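Right, one structure below, let's go through it.
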Amino acid sequence: MRKLLFLLLPYWKRVLMGFLVLLMVDMGQLLIPQVIRRAVDDLYVGKFYTAPKWAILIIAIALFFSVLRFFWRYFFIGTSRLLERNLRQRLYDHTLKMDPGFFRSMKTGDVMALFTNDLQAINMALGMGMVAIADFVIYTSFSIVAMLLISPRLTAMVLLPLPFIGVVMFFLGRLLYKKFREVQDFFGYMTEWLRDILSGIRVVKGYDTRGRLMGRYAKISQDFLRLNLQFAAIDGLFHPAISTLAYLSLAILLLVGGGMTATGDITLGDYVAFSSYIGMMIWPMIALGWFANLVQRGSASYSRIERYLSVKPRVEEEGGTEIKGFNTLRVEGLTVSINGREVLRGVDFHLKAGEFVGITGPTGSGKSVFLETLVKFYLPSSGKVEINGVDYADISTSSLRRVILLVPQESFVFSMTVEENLRMANPDADREAMWWALEMSGLADDIRKMPDGLKTVIGERGVGLSGGQRQRLALARAFLSEASVVLLDESLSALDSITEERVVSKLRELDKTVVLVSHRLVSISKTDRIYVFLRGRVVEEGRHEELLKFGEVYPILWNAQLSSLHLTG
């Protein structure tokens, strides 16, 4: 709870103003019983002519302080919204700093839960929660003082139930915290499961698994309902318990205060005022329970967010030597381990500016991990990597990725327009440059046929495009990029052979250094040099003709593909 409340420190001026305005509003509410008390005493002795005066005064007080209610909402609720916005920005910035390897273990649904339910819980705790506790402090303090001035003995009697509220809050509050954590964790799991199904809807339809998935989701929903009902049961005990103890004070007032009124110890006006103050204290007592409830939820959510923000990226984005342009890349004895398993073992590799290099090898031989390591998605376990003669570990990650661009195996496009997707590579690119990039990737004619051209909105994950179109749009981004080195990881696999050959020829025309990973050996047969990966190692290196003549693995792969082409032909 303490950490949660510390979030308000940067906004202490706004919070203080909120408390001051709320203090004025609550003071106005506490004045009304005093007016009623005077009015009842006047009426009791027959001064009926004073009634309009008291009525007008009550209305004036109510109207004035109703206007002030707007301002405490502005300060308290506005502050909680501002804090939520800033915390959401922190989450977003932190998410973008994390390395891709982190998201292999962190589920998207869990991250989405932090941005939605958890932030909302914190907003409620630090917005309405602060109002509730302020109301409790102000109303309770001034009501008790006012009642003590009327009758200390009666005040002591009606306040007897108050200590039991603390006991209820202590035991039920701990249960609420624990159960709300469970609900939020399960919400993240359920969100991730649903996201998976929506992302793979074509597979779901293709395999006709709707019936099984409906049953599975019904089971997940039932489990979520069970957790929420358990939480609601505890929450349901919380408020009635507080309310019962609060109304017990009214019962004591009726039994004890009624007798004191009859014996003349207090006047009828005193009794009515006392009754009003007890009535006013019922809300603060309930508000105290509500505050405890909201803070337990907010604390549970903030602990989840804090745990997420505390995770440090394995690859730092900033710091180190800035590099500009590309001359050479030298890799010696590179070893990379992922989750304790060696994926690359002692890889040697070299690259010069302007070269077009190919990489091939069986599936799972480490080709993709090698490219991802070159752009610092992973850090080497051992070995030496130098770019322009500078040690890889000393180079700023951001400057490295401005020089070396990776086009990943998955041709991901964003749910934006074609133009916005292209601007991801170069925000300053004009329309002429965009059409040039589309021409280079062989996608320009397809885009021209679309009703809105560059303004065509692509659906989620490029659902409005074919696999080949998505891949060509990703290639167009690479053409448009200002990076000196382009690493293409199976980025031509969805293209037909004619389009692929045209794109490869366009790549050779670029004033860039290109590394192309491909299973299609025809695509890399005319490159300057070919590296063959096998079980995480580079087992062969050379030009196409050299590898066919002297290699062992490459000729097998080449002959297998030639046989496949003859069979399909």
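Can you pick out the pairs among Lys97/Lys526; Lys376/Lys449; Lys179/Lys312; Lys324/Lys526; Lys97/Lys367 whose Cα atoms lie more than 31 Å from each other? Walk me through the numbers before you get to the answer.
Numbers: Lys97/Lys526 38 Å; Lys376/Lys449 39 Å; Lys179/Lys312 28 Å; Lys324/Lys526 29 Å; Lys97/Lys367 24 Å.
Table pairs above 31 Å Cα-Cα are Lys97/Lys526; Lys376/Lys449.
Can you list the lysines whose alpha carbon is less than 22 Å from that of Lys178, not counting same-chain residues fewer than 8 positions off?
Correct list for Lys178: Lys3, Lys107.
Calculate for the chain the 222 nm mean residue ellipticity that helices alone would give, adding -39,500 (n - 2.57) per DSSP H run of length 4 or more and normalising by residue count, nearest 500 deg cm²/dmol. Each step should come with its number before you reach the end.
Details: 22 runs with 356 residues, N = 569.
Calculated mean residue ellipticity at 222 nm is -21000 deg cm²/dmol.
Please quote Rg/Rh for the chain to two decimal places, taking the Kirkwood radius as Rh and restricting both calculations to Cα atoms.
Values: Rg = 35.3 Å, Rh = 29.8 Å.
My calculation puts Rg/Rh at 1.18.
Can you give the local net charge around Ile234? Use residues other than it whose beta-carbon is closer than 15 angstrom to its beta-carbon, Lys and Arg +1, Asp and Glu -1.
Working: positive: Arg174, Lys178, Lys179, Arg181, Arg226, Arg297; negative: Glu182, Asp235.
With Lys, Arg at +1 and Asp, Glu at -1, the net is +4.
For segment 413-569, count the residues as N, evaluate 2.2 N^0.38 Å, and divide the Cα radius of gyration by that value, please.
Numbers: Rg = 17.5 Å, N = 157, 2.2 N^0.38 = 15.0 Å.
Rounded to two decimals, the normalised Rg is 1.16.
In the chain, which whole DSSP H runs stretch at least 27 Å along their own axis (Cα) and average -0.5 or higher on the Kyte-Doolittle scale? Kindly include the intermediate steps, with their values, before the conclusion.
Details: long enough: 12-44 (48 Å, 0.83); 51-97 (68 Å, 0.42); 128-150 (32 Å, 2.06); 162-199 (54 Å, 0.48); 210-252 (61 Å, 0.43); 268-309 (60 Å, 0.44).
Going by DSSP H runs, the hits are 12-44, 51-97, 128-150, 162-199, 210-252, 268-309.
Per q in 0.09, 0.15, 0.21 Å⁻¹, report the Debye log10 I(q)/I(0) for segment 348-486, using one uniform scatterer on each alpha carbon and no solvent.
Debye curve over Cα of segment 348-486, log10 I(q)/I(0) at q = 0.09, 0.15, 0.21 Å⁻¹: -0.33, -0.83, -1.28.
Distance from the Cα centre of segment 365-390 to that of segment 121-180, in angstrom?
Each part reduced to its Cα centre gives a spacing of 60 Å.
Which of the peptides 133-139, 430-436 is most tightly packed, and how do the rest follow, judged by the mean count of other Cβ atoms within 10 Å per residue?
Numbers: 133-139: 20.4, 430-436: 14.1.
Packing proxy ranking, top to bottom: 133-139, 430-436.
Sorted by average packing, counted as other Cβ atoms within 10 angstrom per residue and highest first, what order do 373-379, 290-296, 522-528 take? If you can, show how the numbers build up before the last one.
On the way: 373-379: 20.9, 290-296: 24.6, 522-528: 18.7.
In decreasing order of mean packing, 373-379, 290-296, 522-528 become 290-296, 373-379, 522-528.
May I have the pair-distance distribution P(r) for segment 2-309, computed from all Cα-Cα distances with 20 Å bins from 0 and rounded to whole percent?
Here the calculated profile for segment 2-309 is 26, 45, 22, 7, 0.
Bear in mind that the values in this text are calculations on the coordinates, not laboratory data. Being a predicted model, the structure only gives us computed values, none of them experimental. Cβ atoms come from the backbone with ideal geometry, glycine included; neighbour counts cover every protein chain shown.
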